[in-house]
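K.L.:
This is the structure, below, for whatever I ask next.
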Amino acid sequence: MKTPASLTTNGPSPLLLTTEEAAAHLKLAPKTIRALCTSRRITAIRLCRRWRIPSDELERFKQIHLSPAV
């Protein structure tokens, strides 16, 4: 499965990523991404019983939770 080259879009709606794509981008396991979605630590939507994560939400989560402390 390919990971999108860029997680930003020029259109009005954000790119929706699968849990596998989000996991590859954050270097986490897909199971961890699903747990974060279920616990609402990452804002995501359910489409056909599968999680979809907006790319802008993924970037927000990355900046807040995965950035090294300065």
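K.L.:
When region 10-31 is examined, which residues are found to be open to solvent by less than 60 Å² (accessible area, probe 1.4 Å) and either in a helix (DSSP H, G or I) or of a type in the set (Asp, Glu) (or both)?
P.N.:
THR19, GLU21, ALA22, ALA23, ALA24, HIS25, LEU26, PRO30
K.L.:
Suppose the filter is open to solvent by less than 90 Å² (accessible area, probe 1.4 Å) and within 13 Å of the chain's Cα centre (by Cα); does LYS62 pass it?
P.N.:
When the stated conditions are applied, LYS62 passes them.
K.L.:
Which residues, taken from region 42-56, are open to solvent by less than 20 Å² (accessible area, probe 1.4 Å) and more than 9 Å from LEU16 (Cα to Cα)?
P.N.:
Our first condition is that a residue be open to solvent by less than 20 Å² (accessible area, probe 1.4 Å); within region 42-56, this holds for 42, 53, 55.
Listed by number, the list holds a single entry, ILE42.
The values are calculated or read from the model by the stated rules, or taken from the named source; none is laboratory data. The structure displayed is predicted, hence computed values, not measured ones. Side chains are part of the model used for accessible areas, which takes the heavy atoms of the whole protein and leaves out ligands, DNA and RNA. Shrake-Rupley method; radii C 1.70, N 1.55, O 1.52, S 1.80 Å.
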